[in-house]
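Engineer: Submitted below is the structure of interest, expressed as structure tokens.
Taken together, the values in this text are just the output of simple stated rules run on the coordinates, not laboratory data. Note that this is a predicted model, so its numbers are computed, not measured. Virtual Cβ from ideal backbone geometry, glycine too; neighbours counted across all protein chains shown.
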Amino acid sequence: MKLSKIGVAMLGDEREFLHPLLIPKCEENLRKVVDIIKRRISEVYRYEKPEIIVGSKIITSIKIAKEVGEERAKAGAEIIILVYYIWNYPYLVWPFI
């Protein structure tokens, strides 16, 4: 059975003065989430592993949301997991999608 490609992206905080503090924490948590997904999928599907497409940047603006969304679309991700670290900027989801 061929598993669907999974896209994972982190929605961050748009306030630039917080980026030096939050971006590294967001990246670390994104890696943790991806590791959990890989581990759990391998427990269920021992021989098949889906491709996991991780956003190249933390989404902190409409421009970055569009870039990461285009990456996801070009890679053919069929399942999307959006991760929030500390703050919820829901308007960044629409340009991502």
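Engineer: Using the 10 angstrom Cβ neighbour count as an exposure proxy, how do D13, D35 rank, fewest first?
Structural biologist: With the sparsest Cβ surroundings first, the list reads D35, D13.
Engineer: Calculate how steeply helix 19-44 sits against the longest principal axis of the alpha-carbon atoms of the chain, using the helix alpha-carbon long axis, and give the answer as 0 to 90 degrees to the nearest 10.
Structural biologist: Result, in degrees: 10.
Engineer: Only bridges with both residues in the chain count here: give the DSSP antiparallel percent, nearest 5. Mind dumping the intermediate values first?
Structural biologist: Details: 0 of 10 bridges.
Given both bridge residues lie in the chain, the antiparallel proportion sits at roughly 0 percent.
Engineer: Also, quick follow-up: For mean projected area of the Cα convex hull in nm², pick the label among (i) 6.0; (ii) 7.5; (iii) 8.4 that corresponds to the value derived from the coordinates.
Structural biologist: Evaluating mean projected area of the Cα convex hull in nm² on these atoms matches (i).
Engineer: Here's a follow-up. About its Cα centre, what dipole magnitude does the chain give when the only charges are +1 on Lys and Arg Cβ and -1 on Asp and Glu Cβ, stated in debye to the nearest 20?
Structural biologist: It works out to roughly 300 debye.
Engineer: Out of the GluC sites (Glu not before Pro) in region 43-97, which ones are loop residues according to DSSP with at most 16 other C-beta atoms within 10 Å?
Structural biologist: E48, E51, E78
Engineer: Taking neighbour counts of Cβ atoms within 10 Å as a proxy for exposure, in what order, fewest first, do L82, L21, L30 appear?
Structural biologist: L21, L82, L30
Engineer: A further question on this structure: Name the longest site-free stretch of the chain, where the excluded sites are chymotrypsin sites (Phe, Trp or Tyr not before Pro) in a DSSP loop with no more than 13 other beta-carbon atoms within 10 Å.
Structural biologist: Between the exposed loop sites, the longest stretch runs 1-44.
Engineer: Set the Förster distance to 22 Å, then compute FRET efficiency between K66 and I36 from the Cβ-Cβ distance, nearest 0.05.
Structural biologist: On the way: r = 27 Å, r/R0 = 1.24.
Efficiency at R0 = 22 Å is approximately 0.20.
Engineer: List the relative contact order of region 44-97 as a percent without decimals, with contacts defined as Cα pairs under 8 Å and 6+ residues apart.
Structural biologist: On the way: 32 pairs, mean separation 23.7, N = 54.
Rounded, it is 44 percent for region 44-97.
Engineer: Here's something else I'd like to know. Taking only C-alpha pairs under 8 Å that are 6+ residues apart, what is the relative contact order of the chain in percent?
Structural biologist: Value for the chain: 48 percent.
Engineer: Quick one: order S4, S61 by neighbouring beta-carbon count within 10 Å, fewest to most.
Structural biologist: Details: S4 11, S61 15.
Least to most surrounded, the residues fall as S4, S61.
Engineer: Using helices alone, what [θ] at 222 nm do you get for the chain, with -39,500 (n - 2.57) per DSSP H run of 4 or more residues, divided over all residues and rounded to the nearest 500?
Structural biologist: -15000 deg cm²/dmol
Engineer: So for the chain, if I pair up every lysine 8 or more residues apart or on another chain, how many of those pairs have alpha-carbons under 15 Å apart? Write down the numbers at each step before the final one.
Structural biologist: Details: K2/K49; K5/K38; K5/K49; K5/K74; K25/K57; K38/K49; K57/K66; K66/K74.
Lysine pair count for the chain: 8.
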